[in-house]
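Asker: After the structure tokens below, expect a handful of questions from me.
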Amino acid sequence: MRAYISILRFDHWIKNLFVLPGSLIAIIIFNKDFSGVLVLNIFIATLAASFIASANYVINEWLDKDFDALHPDKKFRPAVVGEISSYGVYLLYFLMITIGLLIGSFVNLYLLISLIVFIISGLAYNVKPFRAKDLIFFDVIIESINNPIRMFVGWFAVVDNALIPLSLVLFYWFLGAFMMNAKRLSEWKKFSSKSERLMYRPSLGTYDDHMLSVMCFVYAILSSSSLALFAARYKFELILWLPFFILILAWYFKS
């Protein structure tokens, strides 16, 4: 039971705080008043996204077990050492999806659709024949799309009759791409040869450290530019946060 609980990665639920800026921005743009119903909807949306995220982690852990066995840190995961079964994994996967969609359906249809897209994103990233994580550049682009999906979840917890500004969606997407690309760079450094990287993950063996560093730089510029465009169009005071945002990106890249 402990092994199955561990693959749900409850400690990663903190990432679903990316739902909250979507809600906050919707509240600011549409001048929504805080109410018990509004707070409850935001809580439900965040919780639903967390269950869907756990479902994605479950399928990721199971389908990656043969590759994780080659990783210096991941080789001790439950799926690698044989502590979980395929029956248990798929049962847990569908249970998490069912709970997430059921919870989300209490808010509105648009939130439910966003959660379904979240599920599809996880399948596109992990499952063959597409399995984006094995494709250079697509591994980062597809995984980072979870960021704007989370934003849509938060947004539709507040409004259901408007779309998020494109500049804000791009900001969230490129921010996620920067973080995922930095993660790739960190993984790249854990292996000493190209053959080891290719065996662990085909896309990782195609990269080199210079390419990954340059792509981090590109994604940082794109996310900063998108944030500036959003601020100039909707809330110019936000432009004052841009230097702090850039410093945060620099700190994240360095660490």
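Asker: Match the structure shown to one of the listed values (i) -1.13, -1.38; (ii) -1.02, -1.26; (iii) -0.90, -1.18 of log10 I(q)/I(0) by the Debye sum over Cα atoms at q = 0.14, 0.16 Å⁻¹, computed from it, and give that label.
Answerer: Calculated log10 I(q)/I(0) by the Debye sum over Cα atoms at q = 0.14, 0.16 Å⁻¹: the matching label is (ii).
Asker: Tell me, what are the semi-axes, in whole angstrom and largest first, of the equivalent ellipsoid of the stretch 6-52 as set by the roots of 5 times the Cα gyration tensor eigenvalues?
Answerer: After diagonalising the Cα gyration tensor, the semi-axes are 25, 11, 6 Å.
Asker: Right, here's the next one. Report the extension gain between Ile246 and Asp160 in nm, rounded to one decimal, defined as 0.36 nm multiplied by the number of residues separating them, less their alpha carbon distance.
Answerer: 27.8 nm
Asker: Within the set of other residues whose C-beta is less than 13 Å from the C-beta of Phe137, count the net charge using Lys and Arg as +1 and Asp and Glu as -1.
Answerer: -1
Asker: Where the accessible area of the chain is counted over protein heavy atoms with a 1.4 Å probe, how much of it, in %, is carbon and sulfur?
Answerer: Solvent-exposed carbon and sulfur of the chain make up 72 percent of the total.
Asker: Using only the Cα atoms of the stretch 142-206, construct the convex hull and provide its projected area averaged over every direction, in square nanometres to one decimal. Walk me through the numbers before you get to the answer.
Answerer: Working: hull surface 20.5 nm².
It is 5.1 nm².
Asker: So what's the net charge close to Gly205: Lys and Arg +1, Asp and Glu -1, counting the other residues with Cβ under 14 Å from its Cβ?
Answerer: Result for the neighbourhood of Gly205: +1.
Asker: How large is ³J(HN,Hα) for each residue in the stretch 88-98, as worked out from phi by the Karplus curve 6.51 cos²θ - 1.76 cosθ + 1.60 (θ = phi - 60°), to whole Hz, x for Gly and Pro?
Answerer: In residue order, the calculated couplings are x, 5, 6, 5, 5, 4, 5, 5, 5, 5, 4 Hz.
Asker: Turning to a different aspect of this structure: Projecting each Cα onto the charge dipole of the chain (Lys/Arg +1, Asp/Glu -1 at the beta carbon, about the Cα centre), which of Phe236, Thr98, Leu249 comes out farthest on the positive side?
Answerer: Leu249
Asker: Another question, if that's okay. Report the charge-dipole magnitude of the chain in Debye, nearest 20, computed about the Cα centre from +1 at each Lys and Arg Cβ and -1 at each Asp and Glu Cβ.
Answerer: It works out to roughly 240 debye.
Asker: A further question on this structure: What's the longest piece of the chain with no exposed trypsin sites (Lys or Arg not before Pro), counting a site as exposed if DSSP puts it in a loop and it has at most 15 other beta carbons within 10 Å? Walk me through the numbers on the way to the answer.
Answerer: Details: sites that count: Lys32, Lys189, Lys190, Lys235.
Maximal segment without exposed cleavage sites: 33-188.
Asker: Next question, about the same structure. Report ³J(HN,Hα) in whole Hz for each residue of the stretch 151-156, in order, from the Karplus equation J = 6.51 cos²θ - 1.76 cosθ + 1.60 where θ = phi - 60°; Gly and Pro get x.
Answerer: 5, 4, 4, x, 4, 6
Asker: With n ≥ 4 as the cut-off for DSSP H runs, can you work out [θ] at 222 nm for the chain, using -39500 (n - 2.57) per run divided by the number of residues, rounded to the nearest 500?
Answerer: Computed mean residue ellipticity for the chain: -22500 deg cm²/dmol.
Asker: Another question, then. In percent, how large is the relative contact order of the stretch 1-133, given Cα pairs closer than 8 Å and 6 or more residues apart?
Answerer: Across the stretch 1-133, relative contact order equals 29 percent.
Asker: State in Å² the accessible area per residue of the stretch 58-112; use a 1.4 Å probe, count heavy atoms of protein chains only, and round to the nearest integer.
Answerer: Spelled out: the 1.4 Å probe surface of the stretch 58-112, per residue, equals 53 Å².
Asker: Further question on the same structure: Of Leu47, Val218, Ile141, which is farthest on the positive side of the dipole of the chain, counting Cα position, with +1 on Lys and Arg Cβ, -1 on Asp and Glu Cβ, and the Cα centre as origin?
Answerer: Val218
Asker: Going by Cα centres, the stretch 188-255 and the stretch 3-75 are how many Å apart?
Answerer: Using only Cα atoms to place each centre, the spacing works out to 21 Å.
Asker: Continuing with the same structure: In sequence order, what are the phi-derived ³J(HN,Hα) couplings for the stretch 249-255 according to the Karplus relation 6.51 cos²θ - 1.76 cosθ + 1.60 with θ = phi - 60°, rounded to whole Hz, with x for glycine and proline?
Answerer: For the stretch 249-255, the Karplus curve yields 4, 5, 5, 5, 5, 5, 7 Hz.
Asker: Among the listed pairs Lys65/Lys189; Lys74/Lys133; Lys75/Lys194; Lys190/Lys254; Lys15/Lys194, which have their C-alpha atoms separated by more than 27 angstrom in this model?
Answerer: With Cα atoms farther than 27 Å apart: Lys15/Lys194.
Asker: Give, rounded to the nearest 20 debye, the magnitude of the charge dipole that the stretch 63-166 has about its Cα centre when Lys and Arg contribute +1 at Cβ and Asp and Glu contribute -1 at Cβ.
Answerer: With Lys and Arg at +1 and Asp and Glu at -1, about 60 debye.
The values are calculated or read from the model by the stated rules, or taken from the named source; none is laboratory data. Values in this document were obtained by computation on a predicted structure and should not be read as measured data. Positions of Cβ are generated from backbone atoms using ideal geometry, with glycine treated the same way; all protein chains shown enter the neighbour counts. Accessible surface areas use protein heavy atoms only, side chains included; no ligands, DNA or RNA. Shrake-Rupley method; radii C 1.70, N 1.55, O 1.52, S 1.80 Å.
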